[in-house]
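Colleague: Here it is, the structure, as structure tokens.
The values are calculated or read from the model by the stated rules, or taken from the named source; none is laboratory data. Just so we're clear, the structure is a prediction, and the values are computed from it rather than from any experiment. Virtual Cβ from ideal backbone geometry, glycine too; neighbours counted across all protein chains shown. We work out accessible area using only protein heavy atoms, side chains counted, and drop any ligands, DNA or RNA first. Shrake-Rupley method; radii C 1.70, N 1.55, O 1.52, S 1.80 Å.
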Amino acid sequence: MKSIIAYFLLLAVVTANGQDRYEAAMKQQVGLLDSASTFNPASLKALGNTFERIADAEKTQWLPYYYASYCLVNEAFMTEDKTKVDPIADKAALMAEKAVALKGEDSELSCLLSLIAVSRIAVDPMTRGAKYGTESAELLDKAKQQNPENPRVYLLAGQNLLFTPEAFGGSKTKGKELLNLALQKFSTFKPESGISPRWGEAYTKELLKMP
């Protein structure tokens, strides 16, 4: 009996150490997303690859796939060669779907998929705006239903209205109303853990400075 108890105690220690190492590695990489110097295509690509390697090693964790996708979609937004956007967005979508498979339906993941839809519009706004704009809006509605307190829902909805021409349903006034609501939500939002998504508050403030 003593040997069995000792085995389970050892297993608990090994598991705890493994979880600690995972969280430490993630916290270090997630912290890089707070730096403006990370937000260029090359750095985002490298950081996304690091998150993907962590995801491949930690096969039950959804957050590494989430952040790999988040890096990729931001890389897609910053890529000037529009012929390269779709392949990057495709991989971002693949990483997001892997996160959904592990986490299940979730407000943060619906926001991420909405962002990926918007990234595809930039390739050809005139022919893609209606399709992917509708897809993005539907995903944000879903994200709001999943968690109405998630500030990124209002940030992304406000951003979409801000950058959509009024002739196609955009509105700077309504967009900024949503951005102000996002700031209210950020003030009370509590991430689930130290490595859970928390991005967007500083960006919301920058958008509100736009004329």
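Colleague: What do you get for the angle between helix 63-78 and the principal long axis of the chain? Use alpha-carbon atoms, 0 to 90 degrees, nearest ten.
Modeller: 30 degrees
Colleague: Quick check on segment 88-211: what does the Kirkwood estimate of hydrodynamic radius come out to from the alpha carbon pairs, in Å?
Modeller: Kirkwood radius, segment 88-211: 14.9 Å.
Colleague: Let me ask you something else. Within the chain, what whole-number % of the accessible surface is contributed by carbon and sulfur, with the 1.4 Å probe and all protein chains included in the calculation?
Modeller: Ligands and nucleic acids excluded, carbon and sulfur reach 58 percent.
Colleague: Let me ask something additional. Calculated FRET efficiency, THR38 and THR134, Cβ-Cβ r, R0 35 Å, to nearest 0.05?
Modeller: So the FRET efficiency works out to roughly 0.65.
Colleague: Which of PRO197, PRO87, PRO41 moves most in a GNM of the chain, Cα contacts under 10 Å?
Modeller: PRO87
Colleague: Report P(r) for segment 160-199: all Cα-Cα distances, bin width 5 Å, range 0 to the bin holding the largest distance, values in whole percent.
Modeller: The distribution over segment 160-199 is 7, 22, 19, 14, 14, 12, 9, 3, 0, given as percents.
Colleague: Then there's this: Could you tell me the ratio Rg/Rh of segment 23-109? Both radii from Cα atoms, Rh via Kirkwood.
Modeller: That ratio is 0.96, to two decimals.
Colleague: Of TYR65, ILE116, LEU155, whose Cα points farthest to the positive end of the dipole of segment 63-211 (charges on the beta-carbon: +1 Lys, Arg; -1 Asp, Glu; origin at the Cα centre)?
Modeller: Selected residue: LEU155.
Colleague: Right, next: Calculate, in nm to one decimal, what ASP86 and LYS45 gain on full extension: separation in residues at 0.36 nm each, minus their alpha carbon distance.
Modeller: Extra length available between ASP86 and LYS45 comes to 13.3 nm.
Colleague: For helix 107-121, report the angle its Cα long axis makes with the longest principal axis of the Cα atoms of the chain; keep it between 0 and 90° and round to the nearest 10°.
Modeller: Taking the Cα atoms of the chain, the angle to 107-121 is about 40 degrees.
Colleague: Give the accessible surface of segment 46-180 per residue, rounded to a whole number of Å², with probe radius 1.4 Å and ligands, DNA and RNA excluded.
Modeller: Accessible area per residue: 47 Å².
Colleague: Any idea what angle helix 85-103 forms with the longest principal axis of the chain, computed on alpha-carbon atoms, 0 to 90 degrees, nearest 10?
Modeller: 50 degrees
Colleague: Which residue, SER187, SER136, SER107, tops the fluctuation ranking in a GNM of the chain built on C-alpha contacts under 10 Å?
Modeller: Between SER187, SER136, SER107, it is SER187 that shows the largest mean-square fluctuation.
Colleague: Let me see the pair-distance distribution of segment 107-147: every alpha carbon pair, 5 Å bin width, integer percents in order.
Modeller: 6, 32, 28, 18, 11, 5, 1
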